[in-house]
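Notes follow once the structure below has been shown.
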Amino acid sequence: MDNLNRISVSWRARSLRPYVVGFLVLLAGVLCVSRAFLHAAPVTLRFEATVASSFPSDGGASLPFLVSPGDSIVTTITFEPGTAGPVYPQNGTMRFDLVGTSLVVTDFQIVVGNDRQIWIDHPGRIADPNNTPDVDINAIGDNTIASCLDGAPHFCGTVQGSVNKEFRPLLVFTDPNPLLITSDELSRDPEIWNAFSRREMSLLFRDKNTGGSTYLGAYIAQVHEVPEPTIASLCLAITAAFAGYFVLARRQFATTFAFPSQGRKTRQRAQASKTLRFEQLEEKRLLAIMWANECVMAGPDDPNFVTYGPNEAIARQIVNRAIDDWEAMITDFNYDGDNNPATNNTFNLRVFASPISGRGSTGTTFVGGLPTQATVTLDDNGGGE
């Protein structure tokens, strides 16, 4: 009798398990989503800047890279938007990639100036202070500035691979129109950032050993938002996944266990439902063509599809559609001669957008007479100009 009681208790516990799991998942989902909507998700903005000036100060500081006017600086900045300004301390990151080197700031602040004057170190424009007319700070209406935290070391940034170098970033967005922004809100909308007529930045590098410094100034191009999954969407996805488990588990326990009062026929049907079945699997094959730099966000392998602006997603879809069409035609490159598409069957493709003369250009690498990789450059405006 004791054994029967233990079996009965164990059976009830197992049969209730999916309901308990379902309740906990639902509760976790509600709490997670509620928390997500109460706290705004961080936003990441990305832009390219073009170096306009470079000059030494206090003896200068040798840089771990060679840079000259015209070089590109790819910048991403991740922050929490808000309304309780005008100073917004951030624990996100500012990242600058130039000439194969990464520069990182992990704590910084953004100051929003609604019709508020700013103080500028140099008389001219930040990007090229020695070769531009003096800036009348009284003519600056609205502005947004990002730099090191107040109270943090003056040089708050680190240089990848160089322990003796540090730097101080300064991102300046200004406009003479005092009505461009109407509050001290820190906006996530890139259109607000692009509305500033003057968008520029500087990076001041310092050598820890000598104390010398070198100044880099650059003009900022268009600002774009980098799409990121919000906390709410992640929570909903996790909740949906566990909800699916709940449904499957409920069905499994409903067919595996039957109440004794249901009789012999019910138990027989439950046993019959456990009969193994074999179904033919859908035919699968490995991808033959891989867009190797599709997800690169910075550096020399960045596809630079942000140049297409609001049509970036469409441009990416066109490339992927072309890849799908070619994969439908070429199922096996047969690099190893075994006529097996599941082995040694990957063609690496890199795609870029750039201002070129013509609508596109290609470069292909052949091994043993077979193409193994290629680089395709698309015109940045599709006009061949």
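On full extension of the chain, what length is gained from Gln373 through Ala292, given 0.36 nm per residue of separation minus the C-alpha to C-alpha distance?
Here the answer is 28.2 nm.
Met329 contributes about 140 Å² of solvent-accessible surface, heavy atoms of the protein only, 1.4 Å probe. A simple packing score, the average count of other Cβ atoms within 10 Å per residue, orders the peptides 208-215, 47-54 as 47-54, 208-215, with the highest score first. Treating r as the C-beta distance of Glu225 and Phe65 and R0 as 35 Å, the FRET efficiency rounds to 0.80. The length gained on full extension between Thr210 and Asn339, counted as 0.36 nm times the residue separation minus their Cα-Cα distance, comes to 40.1 nm.
Compared with the alpha-carbon gap, the fully stretched path from Ser183 to Met329 is longer by 46.9 nm at 0.36 nm per residue. In segment 295-366, a dipole from Cβ-located charges (positive for Lys and Arg, negative for Asp and Glu) runs towards its positive end, and of Ile323, Phe366, Pro300 it is Pro300 whose Cα lies farthest in that direction.
The values are calculated or read from the model by the stated rules, or taken from the named source; none is laboratory data. None of these values were measured; they are calculated from a predicted model. Note: ideal-geometry Cβ built from the backbone for every residue, glycine included; neighbour counts use all protein chains shown. Protein only, heavy atoms only, side chains kept; ligands, DNA and RNA dropped before computing areas. Shrake-Rupley method; radii C 1.70, N 1.55, O 1.52, S 1.80 Å.
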